[in-house]
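Enquirer: Have a look at this one before I ask anything.
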């Protein structure tokens with residue numbers, strides 16, 4: 001199911017039977033949209049989980065002015081979408097969406113959270129350095145207020161070239177204000193209710209260095225599962241089933257039946 005009205009664009013999948021476990025709410029990263037979760041939405045629903053992905057304002061087919069958007073507004077979008085679900089949700093955020101989820105957790109009592117290659121809780125200056133080493137002009141473009149070009153080599157390591165190009169081509173620009181915030185933000189406030197947190201990452205990430213991700217996991221006392229050889233877009237790279245399986249195993253241990 002895909003829905004795009006005056007509200008935010010929502011992609012949803014329902015399991016064959018609803019056993020009362022918490023729904024999963026997926027939050028995309030910089031320049032992406034709800035479309036990037038299609039593999040995981042289908043597989044999660046097949047495994048018995050209600051799964052929803054949202055396009056943040058100005059992304060995908062969601063309304064809103066991207067140019068003036070800030071992280072707080074993205075967190076507003078996540079909280080509003082989560083509150084519209086039938087039960088308290090598990091929040092799953094990728095990259096920038098991982099930081100948005102961290103901010104949303106301070107305002108929304110999630111059942112659990114999964115951070116996928118997340119922008120760290122602390123300022124992500126190391127990401128700018130990593131970008132500068134690979135494509136210096138891209139780093140200068142960010143500093144000058146331009147959008148980071150989401151090149152396939154930033155996002156993927158193992159995906160076939162044509163598919164990597166196709167996914168990269170679906171990405172678009174990002175708010176310059178948000179990009180500055182990623183570099184200079186304050187650490188999010190502690191989560192409401194101390195939900196369990198899982199971190200999925202790759203030590204070969206070309207956008208978010210693994211050191212910052214591990215530090216964020218320590219902040220939340222989270223388990224970290226790493227997938228060497230994969231690219232930043234764990235949910236789209238060739239071995240996307242592996243991090244998804246790790247997430248579903250982790251969730252299954254915490255929510256084995258309706259509660």
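Enquirer: In the list 172, 167, which residue meets the criterion of being at pLDDT below 95 and over 17 Å from residue 103 (Cα atoms)?
Expert: The match here is 172.
Enquirer: Of (1) part of a loop (DSSP other than H, G, I, E, B); (2) modelled with pLDDT of 95 or more, residue 251 satisfies all except one. Which?
Expert: With (1) part of a loop (DSSP other than H, G, I, E, B); (2) modelled with pLDDT of 95 or more applied to residue 251, the lone miss is (1).
Enquirer: Among the residues of the stretch 183-202, count how many are within 16 Å of residue 95 (Cβ to Cβ) and part of a loop (DSSP other than H, G, I, E, B).
Expert: 3
Enquirer: All but one of (1) surrounded by fewer than 16 Cβ atoms within 10 Å (Cβ to Cβ); (2) modelled with pLDDT of 95 or more; (3) in contact with a helix residue (DSSP H, G or I) (Cβ under 8 Å, 6 or more places away or on another chain) hold for residue 212, so report the exception by its number.
Expert: Of the numbered conditions (1) surrounded by fewer than 16 Cβ atoms within 10 Å (Cβ to Cβ); (2) modelled with pLDDT of 95 or more; (3) in contact with a helix residue (DSSP H, G or I) (Cβ under 8 Å, 6 or more places away or on another chain), the odd one out for residue 212 is (1).
Enquirer: Something else about it: Any idea which of 94, 59 is within 28 Å of residue 215 (Cβ to Cβ) and within 12 Å of the chain's Cα centre (by Cα)?
Expert: 94
Enquirer: Further, regarding this structure: Among the residues of the stretch 149-182, what is the count of those that are over 17 Å from the mean Cα position of the chain (by Cα) and either under 20 Å from residue 216 (Cβ atoms) or not in a helix (DSSP H, G or I) (or both)?
Expert: 7
Enquirer: In the set 89, 43, which member is touching a residue at least 12 places away in the same chain (Cβ under 8 Å) and buried (at least 22 other Cβ atoms within 10 Å of the Cβ)?
Expert: 89
Enquirer: For a quick check of your reading of the model, give me the residue pairs whose first member lies in the stretch 145-156 and is free of Cβ contacts under 8 Å to residues at least 60 places away in the same chain, whose second is outside any loop (DSSP other than H, G, I, E, B), with beta-carbon atoms closer than 7 Å and at least 6 apart or on different chains.
Expert: 145/176; 149/138; 151/168; 152/164; 152/165; 152/168
Enquirer: While we're on this one: For the structure I just gave you, tell me whether residue 205 is within 17 Å of residue 29 (Cα to Cα) and touching a strand residue (DSSP E or B) at 6+ places or on another chain (Cβ under 8 Å).
Expert: For residue 205, the condition - within 17 Å of residue 29 (Cα to Cα) and touching a strand residue (DSSP E or B) at 6+ places or on another chain (Cβ under 8 Å) - is not met.
Enquirer: Out of the stretch 192-203, which residues are surrounded by fewer than 18 Cβ atoms within 10 Å (Cβ to Cβ) and either out of contact with any helix residue (DSSP H, G or I) (no Cβ under 8 Å at 6 or more places or on another chain) or under 17 Å from residue 113 (Cβ atoms) (or both)?
Expert: Listed by number, the residues that qualify are 192, 193, 194.
Enquirer: What are the residues in the stretch 115-146 that are assigned to a loop (DSSP other than H, G, I, E, B), surrounded by fewer than 21 Cβ atoms within 10 Å (Cβ to Cβ) and at pLDDT below 95, if any?
Expert: Within the stretch 115-146, 122, 123, 144, 145, 146 qualify.
The values are calculated or read from the model by the stated rules, or taken from the named source; none is laboratory data. All figures in this text were calculated on a predicted structure; none of them were measured in a lab. When we count neighbours, we look across all protein chains shown, and the Cβ atoms used for this are built from the backbone with ideal geometry, even at glycine.
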